[in-house]
Amino acid sequence: MFVQSFAPLRHIFGFPVLEMDWNGALAFFEGHLATSRQRLAVSFFDEGAALRQLVDPAYRNSLSHRILLPAAGAPLRAWECLTRKGSAPTHFRADQFVPAFLTFLAEGRRVALVGDEASGIGRLREELSIHAPWHEIVAIAASEIAEYRNDVFDVILVQASNPAEEQRIETQLSSLHTGLIMMTGTKLAGFVAERPAFRVSAATAPLETSAAA
């Protein structure tokens, strides 16, 4: 993975994950959109992903071609704090990081929200459009991806109900033009379930504060 040559990394379950705080991670991806023509795929790497890759070689191969953001739950974070020297490592929840990233992008961007029929992408598009109305957010069902093959999107968010569906959608996305794909699983449903006050606090609170799980 080319990011290893210039981004700080640490290892979780043998996989290299980005070693950045929230400000650094947000700026890293914003900088990529501004300066690079290379497509990046990003996953939030938690305990579930770590266990899945042990028994699913295809999923493990997919992860090896993505940039991984650490998204471990409380037990692993506690273990890291006990076994790691220095400050506590930063972790990123998709339902917090993705809305924060959209807020961080001051320039209006074209964003595709792609998901299977069970993922509720229509409602999620409405919520994210309220959260960051300066972006154009388009909801695309997985069965309709081919209809957008000539479109250009700055960011594609993939909301899939399971890893197999995520891999299927990722393969189909090869026909779309984009610089950044974020695989969020079903985690963005957590943002939809929050009350509107969350949107205000997430956009105005210090970044390190909103990073808390």
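The values are calculated or read from the model by the stated rules, or taken from the named source; none is laboratory data. Just so we're clear, the structure is a prediction, and the values are computed from it rather than from any experiment. With ideal geometry, Cβ positions are generated from the backbone for all residues, glycine too; neighbour counts draw on all protein chains shown. Heavy atoms of the whole protein, side chains included, go into the accessibility calculation; ligands, DNA and RNA do not. Shrake-Rupley method; radii C 1.70, N 1.55, O 1.52, S 1.80 Å.
A few remarks follow.
- Residue 63 vs. criteria assigned to a strand (DSSP E or B), modelled with pLDDT of 85 or more and surrounded by 18 or more Cβ atoms within 10 Å (Cβ to Cβ): no
- Residue in segment 89-99 that is polar (S, T, N, Q) and modelled with pLDDT of 90 or more present: yes
- Candidates 35, 83 - the one that is β-branched (Val, Ile, Thr), modelled with pLDDT under 85 and open to solvent by 30 Å² or more (accessible area, probe 1.4 Å): 83
- Taking each residue of segment 114-135 that is closer than 12 Å to residue 103 by Cβ and touching a residue at least 12 places away in the same chain (Cβ under 8 Å) and looking for partners that are among the polar types (S, T, N, Q) and in a helix (DSSP H, G or I) with beta-carbon atoms closer than 8 Å, six or more apart or interchain, yields 131/103; 132/103; 135/129.
- Scanning segment 112-164 for residues that are open to solvent by less than 20 Å² (accessible area, probe 1.4 Å), within 15 Å of the chain's Cα centre (by Cα) and either closer than 17 Å to residue 39 by Cα or of a type in the set (Asp, Glu) (or both) turns up 112, 113, 114, 155, 156, 157, 158.
- Qualifying positions in segment 165-189 - open to solvent by 60 Å² or more (accessible area, probe 1.4 Å) and in contact (Cβ under 8 Å) with a residue 40 or more places away in the chain: 186, 187
- Leading residue by the ranking (most open to solvent (accessible area, probe 1.4 Å)) among those in segment 8-32 that are of a type in the set (D, E, K, R) and modelled with pLDDT under 90: 21
- Filtered by the rule that a residue be farther than 15 Å from residue 21 by Cβ and either modelled with pLDDT of 85 or more or not in a helix (DSSP H, G or I) (or both), segment 66-80 gives 66, 67, 68, 72, 73.
- Tally of residues being over 16 Å from residue 137 (Cβ atoms) and touching a Lys or Arg at 6+ places or on another chain (Cβ under 9 Å) across segment 98-118: 1
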